[in-house]
Amino acid sequence: MTAPSLPDPAATRTPDTPGAPGREPGARLRHELRAVHALVYRDLLRLSAQRTHTALMLLQPVLYLFILGSGLADLIPRSSLGTGYQAYLFPGMLMMTVQTPAIMVGIRLITDRQSGYLRELLMAPVHRATLLLGSCAGGTIVSTIQGVVLLGLAGAVGLPYDPLLLALLLGGIALTSFTITALALALAVGLNRPEVFHMLLGVVMTPLLFLSGGFFPIENLPGWAHALAAANPLAYGVDLLRRCIALRVPDQATTAGIEWSAGQPPILLESALLLVVGVTALLWASHRFSRPE
Amino acid sequence: MQSHAGDDAPARATLQTTALTDRNAVPRPAEQVYAISTRGLVKGYAGPDGTTTHAVRGLDLDVLQGETFAFLGPNGAGKSTTLALLCALARPTAGQATVAGADVLGRPDQVRKRVGMLFQHSALDPDLTAEQNLHIHARLYGLRRRHARLRATETLELVGLADRRRSPVRTLSGGMRRRLELARGLLHSPRVLFLDEPTTGLDPHARAQVWEHLRTLRDQYGSTIFVTTHYLEEAENCDRLAIIDHGRLVAQGTPLGLKAAIGDDRVALRTGDDTAALQIVRRTAPADLAVTLDAEGVSLRVPDGSAWIPRLCAALESHGIAVHAASATPPTLDDVFFHHTGRSIHTPRQQAPVSPAAATGATP
């Protein structure tokens, strides 16, 4: 039955031999990295295949920025914000841009589970944690790319195209994307039905956005809302972006966002917090995802 | 392919038949002729009220290298669960299984690396093209970029989809998708290919195409193919088959052997006067055989049925009864199934229609 002389024994060839002496750890890691790359590649392909969808997702923050922003600009005095309302709104809209695709990663985990695609992924000879890491990396990159598109509008709200400022904002966007993606995955990993995820988001997202300091300063809110905002990852993301701007463009500095009892946390501590929250969420999600059936 | 065997693929060019010296293989030469070997395989799921439902109860299976093996059983018999166990996607509750030389409990990653799988409700990314779907999958299996592209092209050609490589999957027909999934299952050159009801929901033409590809794999590349089905005619075309019912193996063997084991052909006669013919046939045939009369005519079960037809016809003619038609039908696999389980394979399907939602779950 076998045909050893065939030029391409499509189904009989041994795949990469695992037992080759001395190369197991390196080969193993390389295979895991290829799997991560495969999932990132899938997200990028989907992004480029769904241009209309992407454009529509970007439309909402742009509308907010220019319609809500210019509409309210005259009503809100500069003195209460430290800057014009559009410029004030900008970090919040960056956050909104980034948050949508990041959350989509969670929804896709559930729909992939429903459609059976996830099972195909689970068949791959890699750790399950690797698959989750790949999804997270893909979501982070796609969100960051969309954030960068909105970042291109910085000039329209009066921010200079300063390379260092853009680099800082890019870093902030990437970090925030990562944290939200990881949180979305942690939320989605235990759910089987997308409706439940949508419902949870519907209940949770609007308060999170309102308490992020993206639309209006948190300091004007009552004390309990302060406490909630201090536990809101989006608020840290917005605050981080706001302070990146303040670092490079001091005259655009706005009123403080996050304030702890000891005062404003240092910008590096804020970044570290976002990172730790993201990593913790990802580890927890991986742990749950890796449970054998 | 030697030219593509790069830094991390030292033995890619080795043929399956010679690659069994693999370090991770179970070091028992006697077992290595089997592509799949299970002993006492059990899978139970915890029920809602503390009870345990057993989907698979003590399975002993042996599948040889290079054979096409059918796993025949009605819906809910435990076929899909067995596949999930064999490709190390689920952990058995008890028992052991060795697939492609690796233990499903000890080295599930090795098992998954060496087997290909087509799920019953398989899924492709509908927004991506055929080629993109394959490329992503090849990378997931750790193929290097260039090798992944090459394998995608090769497998697309193998299943006759080379001209549709740039079509988004959502534009492909059901049969094409199934073939694309077949290509995907072959990307990493598995030693054993599992297919869970590969032709369910396909039209006869697409079904024949899928089987044509499977036969090519077996005949040209010596692939071991393990296919679950509830179509008797598909099981008929396999080298060997096992019949599973209620999580237990009820019979295992070649289609011919299984049918020969229950033996007798069914001889049916349509005559001018069936009632009179019944008496004559009873006298002519061996005395211990049951001869029945129904709307179809006179029938009896007898070994080597076709040899009896001339004798029965001669006896009938000599009594002046005209024979309109005579046939000798060898036993079918449904007869085999009936023999072992006491019912037809198609009976339980009508009793419990499977809803699409229930069918997607892993638990039967």
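The values are calculated or read from the model by the stated rules, or taken from the named source; none is laboratory data. Note that the structure is a prediction, hence the values are computed from the model and not measured. Quick reminder, even Gly has a Cβ in these numbers, built from the backbone with ideal geometry, and neighbours come from all protein chains shown.
Scanning the stretch A:113-137 for residues that are facing chain B (nearest Cβ under 9 Å) and more than 19 Å from the chain's Cα centre (by Cα) yields a total of 14.
Only one entry in A:GLY69, A:GLY116 is farther than 30 Å from B:LEU83 by Cβ and either modelled with pLDDT under 90 or touching a Ser or Thr at 6+ places or on another chain (Cβ under 6 Å) (or both), namely A:GLY69.
Of all residues in the stretch B:154-163, exactly one satisfies the criterion of being facing another protein chain (nearest Cβ under 10 Å) and either touching a strand residue (DSSP E or B) at 6+ places or on another chain (Cβ under 7 Å) or surrounded by fewer than 17 Cβ atoms within 10 Å (Cβ to Cβ) (or both), namely B:GLU157.
Looking only at the stretch A:161-182, count every residue that is crowded, with 24+ Cβ neighbours inside 10 Å and either under 15 Å from A:GLY106 (Cβ atoms) or not hydrophobic (A, V, I, L, M, F, W, C) (or both) and tell me the total. Count: 8. Just a yes or no: is a residue in the stretch B:187-205 among the aliphatic types (A, V, I, L, M) and in a helix (DSSP H, G or I)? No: the stretch B:187-205 contains no residue that is among the aliphatic types (A, V, I, L, M) and in a helix (DSSP H, G or I). Only one entry in B:ASP264, B:ASP239 is surrounded by fewer than 20 Cβ atoms within 10 Å (Cβ to Cβ), within 14 Å of chain A (Cβ to nearest Cβ) and in contact with a strand residue (DSSP E or B) (Cβ under 8 Å, 6 or more places away or on another chain), namely B:ASP239.
Would a scan of the stretch A:29-48 turn up a residue that is without any contact (Cβ under 8 Å) to a residue 24 or more places away in the chain, small (Gly, Ala, Ser) and under 26 Å from A:ASP239 (Cα atoms)? Checking the stretch A:29-48: not a single residue is without any contact (Cβ under 8 Å) to a residue 24 or more places away in the chain, small (Gly, Ala, Ser) and under 26 Å from A:ASP239 (Cα atoms).
Of the strands (runs of 3 or more DSSP E) contained entirely in the stretch B:228-296, those carrying at least 3 residues that are of a type in the set (D, E, K, R) fall at B:265-271.
What's the number of the condition B:THR93 fails, among (1) within 12 Å of chain A (Cβ to nearest Cβ); (2) crowded, with 21+ Cβ neighbours inside 10 Å; (3) not acidic (Asp, Glu)? Going through (1) within 12 Å of chain A (Cβ to nearest Cβ); (2) crowded, with 21+ Cβ neighbours inside 10 Å; (3) not acidic (Asp, Glu) one by one, B:THR93 breaks only (2). Residues being over 20 Å from A:LEU234 (Cβ atoms), in a helix (DSSP H, G or I), away from chain B (no Cβ under 14 Å) and in contact (Cβ under 8 Å) with a residue 60 or more places away in the chain are represented in the stretch A:67-80 by at least one member. Could you go through the stretch B:49-56 and let me know if any residue there is polar (S, T, N, Q) and at pLDDT 90 or above. No, the stretch B:49-56 contains no residue that is polar (S, T, N, Q) and at pLDDT 90 or above.
For the stretch B:116-153, filtered to residues that are among the hydroxyl-bearing types (Ser, Thr, Tyr) and within 8 Å of chain A (Cβ to nearest Cβ), the residue that is farthest from B:SER173 (Cα to Cα) is B:TYR141. Just one of the listed residues (B:ARG178, B:ARG191) is at the interface with chain A (Cβ under 8 Å from one of its Cβ atoms) and of a type outside the set (Ser, Thr, Tyr), and it is B:ARG191. Does B:ASN75 meet the test of being in a helix (DSSP H, G or I) and either buried (at least 20 other Cβ atoms within 10 Å of the Cβ) or more than 8 Å from every other protein chain (Cβ to nearest Cβ) (or both)? It is false that B:ASN75 is in a helix (DSSP H, G or I) and either buried (at least 20 other Cβ atoms within 10 Å of the Cβ) or more than 8 Å from every other protein chain (Cβ to nearest Cβ) (or both). I need the full set of residues from the stretch B:196-229 which are among the acidic types (Asp, Glu) and at the interface with another protein chain (Cβ under 9 Å from one of its Cβ atoms), in order please. Answer for the stretch B:196-229, where residues must be among the acidic types (Asp, Glu) and at the interface with another protein chain (Cβ under 9 Å from one of its Cβ atoms): just B:ASP219.
Please give the number of the condition A:GLY84 fails out of (1) more than 22 Å from the chain's Cα centre (by Cα); (2) buried (at least 24 other Cβ atoms within 10 Å of the Cβ); (3) farther than 30 Å from A:VAL189 by Cα. It fails just one condition, (2). Reported count of residues in the stretch B:130-145, each being touching a helix residue (DSSP H, G or I) at 6+ places or on another chain (Cβ under 7 Å), over 12 Å from B:LEU187 (Cα atoms) and surrounded by fewer than 24 Cβ atoms within 10 Å (Cβ to Cβ), is 1.
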